[in-house]
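Here's the structure we're looking at; comments come further down.
The values are calculated or read from the model by the stated rules, or taken from the named source; none is laboratory data. Quick caveat: nothing in here was measured; it's all calculated off a predicted structure. Because the Cβ atoms are built from the backbone with ideal geometry, glycine has one as well, and the counts that use them run over all protein chains shown.
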């Protein structure tokens, strides 16, 4: 997932202010929603699972293991509402990155195959 590009798009929905709650990153919000969807969990159970699993914490972008939930379970509703607007753009970003990777891979494999076919 190209998190840096996605964060640029997601950041447009927030004002530059120092008041209020701290902004939760796209990686954390979307990562939690992906975990919830894949494991078919409720909002509360998702955050309980994340707080107990270092691999899930790494997936959502935490730098180290912590024993507490990364945010309140009620934020999951806000993520779903906000990310509904952003998901189409995220899909386009992912598709473009995938296309670039596939093109690079094909170019490297094709070049290698041509090279190998000319060896004695």
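Numerical summary
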{"quantity": "Residue list for segment 84-100, filter: under 18 Å from residue 24 (Cβ atoms) and in contact with a helix residue (DSSP H, G or I) (Cβ under 6 Å, 6 or more places away or on another chain)", "calculated": "86, 90"}
{"quantity": "Set 93, 24, 34: member being modelled with pLDDT under 90, outside any helix (DSSP H, G or I) and closer than 26 Å to residue 5 by Cβ", "calculated": "24"}
{"quantity": "Condition met for residue 50 (modelled with pLDDT of 75 or more, surrounded by 10 or more Cβ atoms within 10 Å (Cβ to Cβ) and within 20 Å of residue 5 (Cα to Cα))", "calculated": "no"}
{"quantity": "Test set (1) surrounded by 10 or more Cβ atoms within 10 Å (Cβ to Cβ); (2) modelled with pLDDT of 90 or more - residue 68 fails condition number", "calculated": "(1)"}
{"quantity": "Index of the failed condition, residue 63 passing every other in (1) under 23 Å from residue 5 (Cβ atoms); (2) assigned to a helix (DSSP H, G or I); (3) within 16 Å of the chain's Cα centre (by Cα)", "calculated": "(2)"}
{"quantity": "Flag if residue 77 is modelled with pLDDT under 90, within 25 Å of residue 91 (Cβ to Cβ) and exposed (fewer than 12 other Cβ atoms within 10 Å of the Cβ)", "calculated": "yes"}
